[in-house]
Amino acid sequence: MNPHLVLRVVSKLLIPIIVIFGFYVHFHGDYSPGGGFQAGVIIASAVILYALIFGMDAAREAVPAWFVRAGSAIGVLIYGGTGFVTWLLGGNFLSYDMLDPESTHHAGQHLGILLVELGVLTTVFSVMVVIFYTFASRAPDIPEGEW
Amino acid sequence: MESFDWTQLLDYALMAMLLAVGVAIVRLRNLFAAVMLMGVYSLLSAAWFVSLDAVDVAFTEAAVGAGISTVLMLGAMLLTAREAEPVKAGRHWAALAVVLATGAALFFAIGDMPAYGDPNSPANAYVGFDYLIRTPQEVAVPNVVTAVLASYRGFDTFGETVVIFAAGLGVMLLLGFGGKKAKKEGGE
């Protein structure tokens, strides 16, 4: 029987909750503590937990290395792109009010903050997973006795 | 007479625990225990930040310090020995001199620090106060930290994102892209 049965069952239950909590931290960042950075780290920790329990090969199938490699650059592009869009709409770089100039309650600000935080989330999540993958693929497998 | 603020006892207790854990990390030779205690240290400082009402900072400290960096340190530890080499006694004295000089300078500067929670301190007056007043009208976001981070200081956060990207890029370029080939070479 698998010696890590309890760990496997518990982490299978926990990982979806961790990911949902990460997205909650991101989308609720305007109203409560947290934001893209924290959300990215939380979602990355879910992937790392999966890799620790189920092995690197399973984690690489779930979240491929090319995906996080591209993601670390795409996040910066989302952030810069938001600034570029406000620029094209006639405002300054990252002046979010241009995204919805008619709004009386600053809907543009909300949208802009959500978008740049999405960029932060993508980059932070990808870089954390990339660093973990590169470290973990160099480390020898943990011997059974050291768990 | 002013009533005694009992919550400051919590701050003192947390600071004492931080000191104890810090001394323990320095004295330990077993790297595994030291890495675990560093996670404990991060968690304690996160608890302390919550007690100081810096919830966003506490959140980041708990997620990054206690979570991700502990895992990364463990991954790095697997590549090296489990026990630290004992440091030669001569180096202790040089380190002690540096620590004493820095500590004396910090104690000297305490006199110029504003009192804890002073509403007229530079951190609470001027710009910080301005942000608190203007955020409801200009950004209309309840969490002022998010407003400052993403809206008022959007350029800074953009720079931080680029720094994180550069860090990931550096790791990828130095240690390889973590593909199947790198695994075979590292596994031996």
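The values are calculated or read from the model by the stated rules, or taken from the named source; none is laboratory data. This structure is a prediction, so every number in the text was calculated from the model and none was measured. All Cβ positions, even for glycine, are placed from backbone atoms using ideal geometry, and neighbour counts span all protein chains on display. Calculation scope for accessible area: heavy atoms of the full protein, side chains included, ligands and nucleic acids excluded. Shrake-Rupley method; radii C 1.70, N 1.55, O 1.52, S 1.80 Å.
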Response to the item:
Quick calc, the protein assembly as shown, dipole around Cα centre from Cβ unit charges on Lys, Arg (+) and Asp, Glu (-), nearest 20 debye, gives 1460 debye
Practice prompt. Please give the per residue accessible area of the protein assembly as shown, computed with a probe of 1.4 Å over protein heavy atoms only, in Å².
Written response: 59 Å²
Practice prompt. Return the residues of the stretch B:58-72 for which accessible area with all protein chains present is lower than in the chain on its own by 30 Å² or more; set the probe to 1.4 Å and exclude ligands, DNA and RNA.
Written response: B:Phe59, B:Thr60, B:Ala63, B:Val64, B:Ile68, B:Val71, B:Leu72
Worksheet item: Mind checking which of B:Arg82, B:Arg91, B:Arg134 has the largest fluctuation in a GNM of chain B, springs on alpha carbons under 10 Å?
Response: B:Arg91
Discussion item. Against the empirical 2.2 N^0.38 Å scaling, what ratio does the C-alpha Rg of the stretch B:101-167 come to?
Written reply: 1.54
Fill in: Cα-derived Rg over Rh, computed across the stretch B:8-84 with Rh taken as Kirkwood radius
1.03
Practice prompt. Could you state the orientation-averaged shadow area of the convex hull built on the Cα atoms of the protein assembly as shown, in nm² to one decimal?
Written response: 22.9 nm²
Practice prompt. Enter the mean number of other protein chain beta carbons within 10 Å of the beta carbon of each residue in A:53-63, as an integer.
Written response: 1
Worksheet item: How many square angstrom of accessible surface are buried between A and B, both sides summed, with a 1.4 Å probe and rounding to 100?
Response: 4300 Å²
Item to complete: Find the Cα radius of gyration of the stretch A:5-146, compare it with 2.2 N^0.38 Å by division, and give the number to two decimals.
Response: 1.26
Worksheet item: If you place +1 on the Cβ of every Lys and Arg and -1 on the Cβ of every Asp and Glu, how big does the dipole about the Cα centre of the stretch B:8-84 come out, in debye to the nearest 20?
Response: 420 debye
Worksheet item: How large is the charge dipole for chain B, taken about the Cα centre, if only the Cβ atoms of Lys, Arg (+1) and Asp, Glu (-1) carry charge, to the nearest 20 debye?
Response: 1160 debye
Worksheet entry | Calculated over the stretch B:129-175: convex hull of Cα atoms, volume per residue (Å³) | 70 Å³
Practice prompt. Would you work out which of A:Val124, A:Leu77, A:Tyr96 lies farthest towards the positive end of the dipole of the stretch A:5-146? Charges go on Cβ: Lys and Arg +1, Asp and Glu -1.
Written response: A:Val124
Item to complete: Please say if chain B is rounded, prolate or oblate, where rounded means a/c under 1.5 for a ≥ b ≥ c the square roots of the C-alpha gyration tensor eigenvalues, and otherwise the choice is prolate for a/b larger than b/c and oblate otherwise?
Response: oblate
Discussion item. Can you give me the % of accessible surface on chain B that is carbon or sulfur? Probe 1.4 Å, all protein chains present, nothing else counted.
Written reply: 71 percent
Worksheet entry | Cα point-scatterer Debye curve for the stretch B:59-99, base-10 log of I(q)/I(0) at q = 0.14, 0.20, 0.23 Å⁻¹ | -0.59, -0.76, -0.76
Worksheet item: Rounded if a/c is under 1.5, else prolate if a/b beats b/c, else oblate: with a ≥ b ≥ c from the C-alpha gyration tensor eigenvalues square-rooted, which is the stretch A:1-85?
Response: oblate
